[in-house]
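Worksheet: the structure to be examined is printed underneath.
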Amino acid sequence: MTTTLSLEQLRERGDAFNTEISREYYLALSGQKPSAELQPIYAKHADVMSRDALELTIDAFRGASEGSEEQRAARLLVDWEADAQSSRELAGLDERQITWEASAFVQLADGRQIPFEKASIEMANSSDRDERQAIEKARATLVARELAPIRRERFQRERDITEELGLAANYNATFELLSGVSLAGLRAECEQFLRETQAMWDEVFPEFVRKELGIEPNVATRSDAGALFRAKDLDPYFPASTMEETIRTQVRSMGIDPTASGRVTFDTGDREGKRSRAFCSPVRVPDEVYLVLRPHGGQTDWMTFLHELGHALHYAYMRPDLAFEYRWLGDNSITEGYAMLFDHRLKDTGWLKRYTELGPSRIPGYLRKTGFEELHFLRRYSAKLIYETDLYGGGVPWDSLPDLYVDRLTTATTFQYNPSDAFVDVDPRFYAARYLRAWQLQALLEETLIERYDIDWWRNPRAGPWICSALFSEGQRELAHEQAQRVAGKALSFAPLVRSVERMLG
Ligand SMILES: [Zn+2]
């Protein structure tokens, strides 16, 4: 490659590249194309993801003065380019994993076969504990033998590739440099959160395990957790037929056009090959955003729709003049925070009363269980983040990680975990950190919205315009902790989350 790109050209080309990739994913996952043809797009835009482009962004990052806008922008561009380098080298392993997951079968002792991808759903839907245990045993054996080695190699190589970039001393330090997020700080917060909520957890865990599963707390495993949280008996109160219109009406009542003047397309028709879970595809940001769903009802469906709607509105209400890196890249704790702000309406008494069919008699019990579930997921993600800093950190031998994984996750959640998942139940590149910070940001934004626009801010016509102009329009220029300071005048922390869990548990 003899042509040299400028940063400005890189931004333009990056915009075009992301648009083509996103459109391809949208068409494939919504059933409009049989498969995503990504290789030709990567080939066409090879210079955007080249070693030269990476060097260009590193030079800009190193040349920018500390704390400047140039440095903020260049940091995001280096992060993007560095990720692209490792994604390209890991593509073969990732493709092997996708192919394996789509074709593997769990072989039960009684001769039955279950597609691997259906195993978790089968367990969650089964009220027969012996059946859950049988599926889990067979699933874990299969994963340990076939999937875990692929994933272990993937993480080993990802660590090596990232460290070879030479940007910082090791993988974790490189992540901290390029993300602007302190892993050590977040890990310490997680450890403190686990300690501080231990007594609350020890009190509610036995109650729910006995009541919902009819088993003794000391025998509960991760496969029981899935069944406990599935709660399919409540699905009728979250009907598919009214979901979209109800939520669109609520969004309009807080002064936001749910289509963002036509920039958001609700792709809700039934179509062969369309993925069953709702998802959001930003194809051109902010002008062309798709919210794809195939409503089937139930609380999970409502929650996913609200979550993806939060993402869609964030993309569609970004300022069009924002630089490429602030529209497409940045701290995903921001967009995940908005998505959670929307999906947390299912934990809001007033919202549940007004927009679902649960009715006043079921809401207190529902909310208490939701509080238990929230605490469980917060403790699980805290343990995951702590474990993943060890996995990427290099201080623990790879062979010792499965035992460490079981110890960390089982101690935090009390559900017995399986060593076969030590390399499978891992979000690459510390996405758990993005979620945890999003959770913290969402709780702080909620408190701010209540202060400004009352307890039912979600139907206050002044709240929406503020959300669009103060939050959505900024894209992901800010880091989540910077936004927390600007908007709420507070640091991100677990404190508002603990308060909300305590409220839900009553
Ligand atoms: Zn999300």
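The values are calculated or read from the model by the stated rules, or taken from the named source; none is laboratory data. What you see is a predicted model, and the numbers here were worked out from it, not measured in a lab. Cβ sites come from the backbone with ideal geometry, for glycine too, and all protein chains shown count toward neighbours. What goes into the accessible areas is simple: the full protein's heavy atoms, side chains included, and nothing from ligands, DNA or RNA. Shrake-Rupley method; radii C 1.70, N 1.55, O 1.52, S 1.80 Å.
General observations
- Residue check for Glu37: at pLDDT below 90, open to solvent by 40 Å² or more (accessible area, probe 1.4 Å) and closer than 20 Å to Pro282 by Cα: yes
- Test: residue in region 349-366 that is within 16 Å of the ligand (Cβ to nearest atom) and either farther than 27 Å from Gln198 by Cβ or of a type outside the set (Ser, Thr, Tyr) (or both): no
- Within region 451-473, residues that are open to solvent by 70 Å² or more (accessible area, probe 1.4 Å) have Cβ atoms under 6 Å from residues that are not in a helix (DSSP H, G or I) in these pairs: Arg459/Met254; Pro461/Gly255, counting only partners at least 6 apart in sequence or on another chain.
- For region 23-34, a residue qualifies if it is small (Gly, Ala, Ser) and open to solvent by 20 Å² or more (accessible area, probe 1.4 Å), and exactly one does: Gly31.
- Of all residues in region 84-99, those that are within 20 Å of the chain's Cα centre (by Cα) and touching a residue at least 40 places away in the same chain (Cβ under 8 Å) total 2.
- Filter result for Phe430 (open to solvent by less than 40 Å² (accessible area, probe 1.4 Å), in a helix (DSSP H, G or I) and among the aromatic types (Phe, Trp, Tyr)): yes
- Unmet requirement for Leu401, which otherwise passes all of (1) in contact with a His (Cβ under 8 Å, 6 or more places away or on another chain); (2) within 24 Å of Arg157 (Cα to Cα): (1)
- Residue check for Leu309: among the aliphatic types (A, V, I, L, M), over 23 Å from Trp466 (Cα atoms) and either modelled with pLDDT of 95 or more or away from the ligand (no atom under 16 Å from the Cβ) (or both): no
- Only one of the listed residues (Leu449, Leu441) is within 19 Å of the chain's Cα centre (by Cα) and closer than 30 Å to Arg503 by Cβ. That residue is Leu441.
Here's the yes/no breakdown for (1) in contact with a Leu (Cβ under 9 Å, 6 or more places away or on another chain); (2) in a helix (DSSP H, G or I); (3) modelled with pLDDT of 95 or more:
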position: Leu5; (1), (2), (3): yes, no, no
position: Arg11; (1), (2), (3): yes, yes, yes
position: Gly31; (1), (2), (3): no, no, no
position: Thr57; (1), (2), (3): yes, yes, yes
position: Arg75; (1), (2), (3): yes, yes, yes
position: Glu81; (1), (2), (3): yes, yes, yes
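- You will find that of Tyr338, Tyr315, the residue that is in a helix (DSSP H, G or I), within 16 Å of the ligand (Cβ to nearest atom), of a type in the set (Ser, Thr, Tyr) and open to solvent by 30 Å² or more (accessible area, probe 1.4 Å) is Tyr315 and no other.
- The criterion of at least 3 residues that are in contact with a strand residue (DSSP E or B) (Cβ under 9 Å, 6 or more places away or on another chain) and surrounded by fewer than 17 Cβ atoms within 10 Å (Cβ to Cβ) is met by none of the helices (runs of 4 or more DSSP H) falling completely within region 155-271.
- Leading residue by the ranking (most open to solvent (accessible area, probe 1.4 Å)) among those in region 318-335 that are away from the ligand (no atom under 15 Å from the Cβ) and either in a helix (DSSP H, G or I) or polar (S, T, N, Q) (or both): Trp328
- For region 281-306, taking the residues that are within 16 Å of the ligand (Cβ to nearest atom) and part of a loop (DSSP other than H, G, I, E, B), the one that is nearest to the chain's Cα centre (by Cα) is identified as Leu293.
- Residue satisfying condition, being of a type in the set (Gly, Ala, Ser), in contact with a Pro (Cβ under 9 Å, 6 or more places away or on another chain), at pLDDT below 95 and surrounded by fewer than 20 Cβ atoms within 10 Å (Cβ to Cβ), within set Ser126, Ser103: Ser103
Matching residues to (1) closer than 16 Å to Ser179 by Cβ; (2) without any contact (Cβ under 8 Å) to a residue 12 or more places away in the chain; (3) touching a strand residue (DSSP E or B) at 6+ places or on another chain (Cβ under 8 Å):
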| residue | (1), (2), (3) |
| --- | --- |
| Leu38 | no, no, no |
| Ala43 | no, yes, no |
| Asp47 | no, no, no |
| Thr57 | yes, no, no |
| Glu81 | yes, no, no |
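- Out of Leu309, Leu385, Leu358, one residue alone is under 26 Å from Asp454 (Cβ atoms) and either open to solvent by 20 Å² or more (accessible area, probe 1.4 Å) or in a helix (DSSP H, G or I) (or both). It is Leu309.
- Every pair of residues 6+ apart whose Cβ atoms lie under 6 Å, when the first sits in region 280-292 and is surrounded by fewer than 23 Cβ atoms within 10 Å (Cβ to Cβ) while the second is among the aliphatic types (A, V, I, L, M): Pro286/Ala316; Pro286/Met318
- Some residue of region 253-271 being within 15 Å of the ligand (Cβ to nearest atom) and at pLDDT 95 or above: no
- Within region 474-493, the set of residues being charged (D, E, K, R) and surrounded by 18 or more Cβ atoms within 10 Å (Cβ to Cβ) comprises Glu474, Arg477, Glu478.
- Some residue of region 273-280 being among the basic types (Lys, Arg) and within 14 Å of the ligand (Cβ to nearest atom): yes
- Per the conditions (1) under 24 Å from the mean Cα position of the chain (by Cα); (2) closer than 21 Å to Glu164 by Cα, the sole criterion not satisfied by Phe61 is (1).
- Within region 53-82, the set of residues being of a type in the set (D, E, K, R) and surrounded by 17 or more Cβ atoms within 10 Å (Cβ to Cβ) comprises Arg72, Arg75, Asp79, Glu81.
- All positions within region 40-49 that are open to solvent by less than 40 Å² (accessible area, probe 1.4 Å) and not in a loop (DSSP other than H, G, I, E, B): Ile41, Asp47, Val48, Met49
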